[in-house]
Number of protein chains: 2
Amino acid sequence: MSEWKNLDTLESFRELKSQTPVDLAEEMAGENGKKRVESYSVPMACGMTYNYAAKAVNDDILDNLKQLALEQDLPGKFKELYNGGVVNTGEKRLVLHHLTRSQLGDDVICDGVNKREFYKEQQQRIADFANKVHNGEIVNENGEKFTTVAQIGIGGSDLGPRAMYIALQNWAKKNGLMKMEAHFISNVDPDDASTVLSDIDVARTIFILVSKSGTTLETLTNMAFVEDALKKEGLDPSRHMIAVTSETSPLAKSDDFIEAFYMDDYIGGRYSSTSAVGGAVLSLAFGPDVFASFLDGAAQEDRTALETDPLKNPAMLDALIGVYERNVLGFPTTAILPYSQALSRFPAHLQQLDMESNGKSVNRFGEALSYKTGPVIFGEPGTNGQHSFYQLLHQGTNVIPLQFIAFKKSQLKNDVTIEGSTSQQKLLANVAAQIVAFACGKNDDNPNKSFEGRRPSSIIIADEVNPETLGALLSHYENKVMFQGFLWNVNSFDQEGVQLGKTLAKRVLAGDMDGALKAYSEALEI
Amino acid sequence: MSEWKNLDTLESFRELKSQTPVDLAEEMAGENGKKRVESYSVPMACGMTYNYAAKAVNDDILDNLKQLALEQDLPGKFKELYNGGVVNTGEKRLVLHHLTRSQLGDDVICDGVNKREFYKEQQQRIADFANKVHNGEIVNENGEKFTTVAQIGIGGSDLGPRAMYIALQNWAKKNGLMKMEAHFISNVDPDDASTVLSDIDVARTIFILVSKSGTTLETLTNMAFVEDALKKEGLDPSRHMIAVTSETSPLAKSDDFIEAFYMDDYIGGRYSSTSAVGGAVLSLAFGPDVFASFLDGAAQEDRTALETDPLKNPAMLDALIGVYERNVLGFPTTAILPYSQALSRFPAHLQQLDMESNGKSVNRFGEALSYKTGPVIFGEPGTNGQHSFYQLLHQGTNVIPLQFIAFKKSQLKNDVTIEGSTSQQKLLANVAAQIVAFACGKNDDNPNKSFEGRRPSSIIIADEVNPETLGALLSHYENKVMFQGFLWNVNSFDQEGVQLGKTLAKRVLAGDMDGALKAYSEALEI
């Protein structure tokens, strides 16, 4: 068993703090820059690469980071996790999202159930169901084929599946694999559900209600919203709705659904894209084979995270460099910048994944920490961001570490050549240019046009956004966040910080309030 | 004329730094909290309110902020700006976006033109054009009515108009004012244009090409993309496209367009939503009267920014509190949290507005600054964010100041009552609850369930998202950013930080590169 230690108790961390910082502008200039790009690179799964040439590290710092990984026993902690250790100590739960896509270690038997088999079984049940919907065996109560799927969920039951759907939509169209259009209802703002309902043919839509506990206020409210809409069209809601929930939830054995598919307490919402939560909507939208490929990409990338040499393990190395930036260099924010319109909502998913996992101030034993943990994560696709917030990234008073993601090919392969280059070439030229501009900067006699440079970035390069690379990308970030949680010694798998607001909201709705809460309620005319 | 001084040279700023910080949890508890909510509130235009009860200020600090505003002469600097001073010193330009919606001071005559009249004339030309499209006087080359509008632009020519369109779409539908559906093409990623083109009836779409200079790479590339698509359908692109540009741009007198509408160099892209840039697409989508109401809301809010008492001027007060948080309390990031699905892309617009304006390291004279300027801005709509990154906001190791925005009514007025409350009531109960949870926190024997509180927030409360309130909201943030720029003594109206990347991208495309740039180009197989 690994020992769980605070970052600042580690000898290698103290050494890391005493390392001379790298002058990135100098390192990345001339031939040395070229060498760095060629050597500071780790292969990922599915032909992808993690390149960290433009990060503020050198061989000494990397060696130190390697020691840090080993002293904190990142490989051992990961092993404990995937072999079914109670790593989510706060809630006393196992952490099993890796099992939804592969068997990395021993069988995990819990409550008498082989959990890998359980997740596979759910995936198979979903596949069978989706096939029956697609071939017309399962139809609506008027005997018509379902054409549309709409997911009702919030947070982890929304952001991941939605980002993945958006990412694969064009790929599926291009490859003739688009089975059903998907929509998503999440916000308790009634305009959200109303808008989606007015955009779809309600009678020919399968609604997926996703709530692990079966008690999420927003989701149950939106379920009622949808049931209302179905009833208004003279339809029986239970013939138009399926559930994804835990077997112990009030939704599990309900007559309100055509069918229920299961996840369990060992998969956190933000880690559930590869479980039934992502499985139902993605299998219905694109077919079970596409979802299986997505799982396969994630499984392949998971295996790269098993590598015990941190410099050959892309997720571990990414995590280590991030901790160096956060706890030694002192940078409070990280930007995720995919140069792909398909990944337009991927940063929003990573924002949840990272900030909800590692935005903690106590360690896994509940002791206050005296160092910084998870940074703020934000991002928009490039090149759009270049014409927006990049100004601050280049010339602002804070250094923001950057994570670029780029794909050699577009999804639709529809392109034009203007001034001797295609749009795809322009897109890629821009990402290459930005990395160098951020790292090297430029002196100018006009200080307003000077660039300090020394703004670190990494880039993940892949062939195209497809189910495999998307699964691998998702796995990379899940594992990065996990390794960072290990480094900071926090529990990345609970989210107690969201509870207080819920409790107070209930008090407002019950009219049980005073002081500021009452005054705000009056100001808002609730 | 105002004197332009660095923040840290001001006596009132030195005093501000010596103020005893407020214990927000204590201040917001019990009856005192109620009093704060009732008194720390400033009326805005259109029945809106800016409430800052949950900000970490008290009467002493507010008094000090008032002195700071007067010592830095914020009212005088604003006056200089709207009366046509060359406030954008870097580019030696006037800053005239306020004139697109009102005449706040003297006539501004520039190059022999009364600029207010010029902007009004463009607005009238757009109104006439939009009316002719709506009533069928202007039709496509097959003699059919145009049903759709698609804007081609990036950065300021995209984010603002797009966010405004999304914000008003449901309101327009509800009120029978939806004239044409709008789409937006921005990214040079070829999949962006391809996706939009496959979603619309190209023959019945008016495309709006928006580029002030007429030279933006992404926009010209996407124009060619669209022209290609039109030609493939046997159509003449010049019969399907209008331009919004400056009179001196290569697009201005081109035969490629049905018509061109003008903006000028005195309106920065990120401040152009109330100019022809927002005017063309919003007038076509919703009719000129809706756009006029939007301008009217902005004009009304602009007038609240004229108030010389900082404590009665919502934008100025918001700016001052932000600078206190950034430069005295040391918070590096600000979150924008609209509790309205209609404002789903409003944070992305504010991200550009704020970060591109004030993400600067030199003052307006080009001298390096020794204090922090613009923060990182990010945000997503509530309640969605509550199930995502709020964990870090509540329990993370950095304090992130929050800006809530809430509306008493939904747009579509379609709602359900569950457990005794409507969705709209649940939405509002949540925002009230969050403010109090963030400010007051909660002690718990389990440190994992403890909330430190003391996380400051403000809230803007309005009746509903409609053209007037949206215009007022936009004006509020534009003026807040402007006042912060004055406080930091930076030029908020240029964006030299985006140039270096452009230059390097051109070198890549021209094959004129070496070192790291060449190595990345090879890795990306450009």
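What follows is calculated from the coordinates using simple rules that are stated; it is not laboratory data. Only a predicted model underlies this, so the values are computations on that prediction, with no experimental measurement involved. Note: ideal-geometry Cβ built from the backbone for every residue, glycine included; neighbour counts use all protein chains shown.
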>> On a straight-distance basis, which lysines could pair with B:Lys173 in a cross-link, Cα separation under 29 angstrom, same-chain partners fewer than 8 positions away excluded?
In response: A:Lys231, A:Lys232, B:Lys120, B:Lys132, B:Lys145, B:Lys408, B:Lys409, B:Lys413, B:Lys426
>> Treating only the Cβ of Lys, Arg, Asp and Glu as charged (+1, +1, -1, -1), what charge dipole size does region A:1-112 show about its Cα centre? Round to the nearest 20 debye.
In response: 340 debye
>> Can you tell me the orientation of helix A:190-199 relative to chain A, as the angle in degrees between its alpha-carbon axis and the longest Cα principal axis, to the nearest 10?
In response: 80 degrees
> Taking the DSSP beta bridges in region B:312-439 as the whole, what percent of them are antiparallel, to the nearest 5?
Replying inline: 25 percent
>> Using square roots of five times the C-alpha gyration tensor eigenvalues, list the equivalent-ellipsoid semi-axes of region A:238-394 in whole Å, biggest first.
In response: 33, 22, 18
>> With only alpha-carbon pairs counted, each pair once and no self-pairs, how large is the Kirkwood hydrodynamic radius of region A:128-248 in angstroms?
In response: 14.8 Å
>> Suppose we keep just the DSSP beta bridges with both residues in the protein assembly as shown; what percent of those would be antiparallel, to 5?
In response: 30 percent
> Can you list residues whose amide H is under 5 Å from A:Leu337's amide H, if they're 5+ apart or on another chain and H is modeled 1.01 Å from N?
Replying inline: A:Gln403, A:Phe404, A:Ile405
> So what are the ³J(HN,Hα) numbers for region A:205-211, from phi and the Karplus equation (6.51, -1.76, 1.60; θ = phi - 60°), rounded to whole Hz, Gly and Pro as x?
Replying inline: 10, 8, 9, 10, 8, 10, 7
> Which whole-number value in Å³ per residue fits the convex hull of the alpha carbons of the protein assembly as shown?
Replying inline: 152 Å³
> In a Debye calculation with equal point scatterers on the alpha-carbon sites of region B:427-526 and no solvent, what is log10 I(q)/I(0) at q = 0.13, 0.15, 0.18 Å⁻¹?
Replying inline: -0.83, -0.85, -0.93
>> Need one word for chain A: rounded, prolate or oblate. Basis is the Cα gyration tensor (sqrt eigenvalues a ≥ b ≥ c); a/c below 1.5 gives rounded, then a/b vs b/c decides.
In response: prolate
>> For B:Met44, what residues show an amide H to amide H distance below 5 Å, using hydrogens built from the backbone and excluding near sequence neighbours?
In response: B:Thr49, B:Tyr50
> Considering only chain B, what is the antiparallel percent among its DSSP beta bridges, to the nearest 5?
Replying inline: 30 percent
>> Restricting to DSSP loop positions (anything but H, G, I, E, B) with no more than 16 other Cβ atoms inside 10 Å of their own Cβ, which GluC sites (Glu not before Pro) remain in region B:94-166?
In response: B:Glu137, B:Glu141, B:Glu144
>> Please compute the contact order of region A:373-479 in relative form: average sequence separation of alpha-carbon pairs under 8 Å and at least six residues apart, divided by the residue count, as a percent.
In response: 32 percent
>> If you take every residue apart from B:Arg14 with its C-beta less than 13 Å away from the C-beta of B:Arg14, what net charge results, scoring Lys and Arg +1 and Asp and Glu -1?
In response: -2
> Hey, what's the Cα Rg ratio for region B:259-348 versus the globular rule of thumb, 2.2 N^0.38 Å?
Replying inline: 1.36
>> For region B:89-144, what does the convex hull of the Cα positions come to per residue, in cubic angstrom?
In response: 129 Å³
>> I'd like the orientation of helix A:217-232 relative to chain A: the angle between its Cα long axis and the longest Cα principal axis, in ° from 0 to 90, rounded to 10.
In response: 40 degrees
> What trypsin sites (Lys or Arg not before Pro) does region A:243-309 have in DSSP loop regions with at most 15 other beta carbons within 10 Å?
Replying inline: A:Lys253
> What shape does region B:178-240 take by its C-alpha gyration tensor, where a ≥ b ≥ c are the square roots of the eigenvalues and a/c under 1.5 counts as rounded, a/b above b/c as prolate, and the rest as oblate?
Replying inline: rounded
> Just how many % of Cα pairs in region A:433-483 lie over 13 Å apart, if you round to the nearest whole percent?
Replying inline: 69 percent
> Which Cα, out of A:Tyr339, A:Pro190, A:Ala53, lies furthest along the positive dipole direction of chain A (beta carbon charges, K/R +1, D/E -1)?
Replying inline: A:Ala53
> What span do the alpha-carbon atoms of region B:205-270 cover on each of the three principal axes, reported in whole Å from largest to smallest?
Replying inline: 39, 21, 18
>> Per residue of region A:421-436, what does 6.51 cos²θ - 1.76 cosθ + 1.60 with θ = phi - 60° give for ³J(HN,Hα)? Whole Hz please, x for Gly and Pro, Karplus curve as stated.
In response: 9, 7, 4, 4, 5, 5, 4, 6, 4, 5, 5, 4, 4, 5, 4, 5
>> What are the ³J(HN,Hα) couplings of region B:300-314, residue after residue, when phi is run through the Karplus curve with 6.51, -1.76, 1.60 and θ = phi - 60°? Round to Hz, x for glycine and proline.
In response: 4, 5, 3, 5, 5, 7, 7, 3, 8, 7, x, 7, 10, 10, x
>> Can you tell me which aspartates and glutamates have their Cα less than 15 Å from the Cα of B:Lys253? Leave out same-chain residues fewer than eight positions away.
In response: B:Asp264
>> Could you tell me the relative contact order of region B:1-112? Use alpha-carbon pairs under 8 Å, at least six residues apart, and round to a whole percent.
In response: 25 percent
>> Can you work out which chain A residue has the shortest Cβ-to-axis distance for the rotation that carries A onto B, and give it in Å?
In response: A:Phe378, 2
>> Would region A:1-151 count as rounded, prolate or oblate if I go by the C-alpha gyration tensor, calling it rounded below 1.5 in a/c and otherwise prolate when a/b exceeds b/c, oblate otherwise?
In response: oblate
>> Under 5 Å between amide hydrogens, which residues at least 5 positions from B:His183 or on another chain qualify, with H placed 1.01 Å from N in the peptide plane?
In response: B:Val149, B:Ala150, B:Gln151
> Can you give the Rg and Dmax of region A:486-526 based on its C-alpha atoms, in angstrom?
Replying inline: 15.5, 46
> So, with +1 on the Cβ of K and R and -1 on the Cβ of D and E, and no other charges, what is the size of the charge dipole of region B:269-320 about its Cα centre, to the nearest 20 debye?
Replying inline: 160 debye
>> With bins 10 Å wide starting at 0, give me the P(r) of region A:1-60 over every alpha carbon pair, in whole percents.
In response: 19, 33, 31, 16, 1
> Among the lysines, which fall within straight-line cross-link reach of A:Lys17, defined as a Cα-Cα distance under 17 Å, with same-chain neighbours fewer than 8 residues apart omitted?
Replying inline: A:Lys55, A:Lys66, A:Lys372
> Say the dipole of the protein assembly as shown comes from +1 at the beta carbon of Lys and Arg and -1 at that of Asp and Glu; which of A:Trp4, A:Gly501, B:Leu284 then lies farthest toward its positive end?
Replying inline: A:Trp4
